[in-house]
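Trainee: Could you have a look at this structure, given as structure tokens, before my questions?
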Amino acid sequence: MEGPKVYLDYAATTPTDPAVIAAMQPYFFDVFGNPSSIHSFGQAAKKGIEDARQALASFLGAKPSEIIFTSGGSESNNMSLFGVVSANEKKGNHIIITAIEHHAVLEPAKFLQKQGVEVTCVKVSKEGLVDPSDIKKAITSKTILISVMHANNEIGTIQPIAEIGRIARKKGIYFHSDAVQTVGHIPVKVDELNVDLLSLSAHKFYGPKGVGALYVRKGTRIGTYLYGGDQEDGRRASTHNTSGIVGLGKAIELCQQQMDAEAKLQIQLRDALIKEIPEKVPEVVLNGHPTQRLPNNVNFSIRYIEGESLLLNLDMLGIAASTGSACTSTSLEPSHVLLAIGLPHELAHGSLRLTLGRWSKKSDIEQLLRYLPEIVGKLRAMSPLYHKK
Ligand SMILES: *Cc1c(COP(=O)(O)O)cnc(C)c1O
């Protein structure tokens, strides 16, 4: 009964491209030196890191000195909030975020709030869009940082970052964007987006897990976040993850060459799913913006069913997807993103996220479309909500 395995969860993580693995391989044994060592072993490792820094800077339209390698998207987001707040206390103590940020922005903001920092959380539209004029209204004389994600990881909505950046720049306020879902997938140029800080993560664009970067525009005052070493010009202690950084560099080079063509293919598959799911499954609602959305993101709420049951049933057929529901987890609360776009709890619990990537093919979505109506029908037949309607 079970067909070939189908992976429709690229927004959670991507496989590491075999070409990336090959580029990393020498850095475990042959080129193992500590990149901070002045001997040739160290310098060979350092060259690998600096080449990766150059590749990433070139993708972003940044200077290599503006890149700090980190352990991933979460650390880059934490570093942005804690680093900017700690270095700009004299200027103010107010930061602005949005209701649909990743937890790696929301939780540091919540912590800072407990420490006395004022936090404004801006609402989004029902398509998940931030209105730049809402950001403008939230600004006070004490605002030191605005943080708005480039694209949302659940519903795929792409934000008007350039416009928000213009507002921030005019007021002399630092602007951070969590671009973990966009780097490697669509063009991300720091000067066009008017950002001062930008987070990214290698495992979201076919690189290895546990490595990422923070772009920090020259002149941005940001405090140290990890103490105990001079690495990254004293901005982040810890011996470099040489192989991981080299992998990130190779991954971004591949994306630079391939992402336009890949996005075109993914848009075709995405739009086929967006068209065909409502034709095959009654009473579904598309979440996110109809056009301003990531090339690889599909998110539907399916009435009268519970997302986790749906995922388990799909998984039994070899299909991997994701949901904003969390009925079996400890929280019971559905995704904050789905609630922020105004979905009632029932619809937020019935969400299905399908995300595409480099190895997605037509047969994957055919497989999904073949089984989804049947599973939804079965679950609805068991649902008290369905019978009450
Ligand atoms: C995955 C993700 C993160 C976290 O990145 P890690 O490298 O896994 O820590 C942060 N923000 C967004 C939008 C993400 O999708």
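Trainee: Would you work out the Kirkwood radius for the range 1-125? I mean one over the mean of 1/r across all pairs of different Cα atoms, in Å.
Mentor: Evaluated over the range 1-125, this radius sits at 18.5 Å.
Trainee: Order 313-325, 18-30 from most to least packed using the mean count of other Cβ atoms within 10 Å.
Mentor: Order by mean packing, descending: 313-325, 18-30.
Trainee: Report in % the part of the accessible area of the chain that belongs to carbon and sulfur, leaving out ligands and nucleic acids; probe 1.4 Å.
Mentor: 56
Trainee: As I understand it, the value is the acute angle between the Cα axis of helix 40-60 and the longest principal axis of the Cα atoms of the chain; what does it come to in degrees, rounded to 10?
Mentor: 60
Trainee: On to the next question. I need to check one value: relative contact order of the chain, counting alpha carbon pairs closer than 8 Å and at least 6 residues apart, in percent.
Mentor: Contact order relative to length: 22 percent.
Trainee: Another question, then. Would you mind computing, in nm to one decimal, how far apart the modelled labels at Asp260 and Gln115 are, each placed 7 Å from Cα along Cα→Cβ?
Mentor: 4.3
Trainee: Okay, next question. Can you pull out the chymotrypsin sites (Phe, Trp or Tyr not before Pro) in the range 313-389 whose DSSP state is coil and whose Cβ has at most 16 other Cβ atoms within 10 Å?
Mentor: The qualifying sites are Trp359.
Trainee: If you count the DSSP beta bridges with both ends in the chain, what percent of them are antiparallel, to the nearest 5?
Mentor: 55
Trainee: Let me ask something additional. Quickly work out the His39-to-Glu346 label distance, labels modelled 7 Å from Cα along the C-beta direction, and quote it in nm with one decimal.
Mentor: Taking the simple label geometry, Glu346 and His39 are separated by 7.0 nm.
Trainee: Another question, then. Would you mind working out the accessible area per residue for the range 324-389, using a 1.4 Å probe, and quoting it in Å²?
Mentor: The answer is 49 Å² per residue.
Trainee: Which of the pairs Lys110/Lys204; Lys91/Lys170; Lys204/Lys362; Lys91/Lys137; Lys90/Lys114; Lys91/Lys189 have their Cα atoms more than 23 Å apart in this structure?
Mentor: As for pairs spanning more than 23 Å Cα to Cα, those are Lys110/Lys204; Lys91/Lys189.
Trainee: State, to one decimal in nm, how far the label point of Ala320 lies from the label point of Asp134, with both points 7 Å from Cα in the Cβ direction.
Mentor: 3.3
Trainee: How large is the charge dipole for the chain, taken about the Cα centre, if only the Cβ atoms of Lys, Arg (+1) and Asp, Glu (-1) carry charge, to the nearest 20 debye?
Mentor: 820
Trainee: Right, here's the next one. Once fully extended, how much extra length lies between Phe32 and Ser86, figured as 0.36 nm per residue of separation less the alpha-carbon to alpha-carbon distance?
Mentor: Taking 0.36 nm per residue and subtracting the Cα distance, the gain is 15.9 nm.
Trainee: Set the Förster distance to 22 Å, then compute FRET efficiency between Lys142 and Arg166 from the Cβ-Cβ distance, nearest 0.05.
Mentor: That gives a FRET efficiency of 0.60.
Trainee: First check a/c for the range 119-241, with a ≥ b ≥ c the square roots of the eigenvalues of its C-alpha gyration tensor; if it is under 1.5, answer rounded, and if not, answer prolate when a/b is larger than b/c or oblate otherwise.
Mentor: Here the range 119-241 falls in the oblate category.
Trainee: Calculate how large, on average over all directions, the projected area of the Cα convex hull of the chain is; give the answer in nm² to one decimal.
Mentor: In nm², the orientation-averaged hull projection of the chain is 20.1.
Trainee: For Glu366, project a label point 7 Å along Cα to C-beta. Then give me every residue of the range 274-308 with its amide nitrogen under 18 Å of that point.
Mentor: Answer for the range 274-308: 274-277, 280.
Trainee: Given a 1.4 Å probe, how much area per residue of the range 18-254 is accessible, in Å²?
Mentor: 41
The values are calculated or read from the model by the stated rules, or taken from the named source; none is laboratory data. No experiment lies behind these values; they were computed from the predicted model shown. As a convention, Cβ positions derive from the backbone with ideal geometry for all residues, glycine included, and neighbour counts pool all protein chains shown. The protein model used for the area step is the full one, side chains on, heavy atoms only, and it has no ligands, DNA or RNA in it. Shrake-Rupley method; radii C 1.70, N 1.55, O 1.52, S 1.80 Å.
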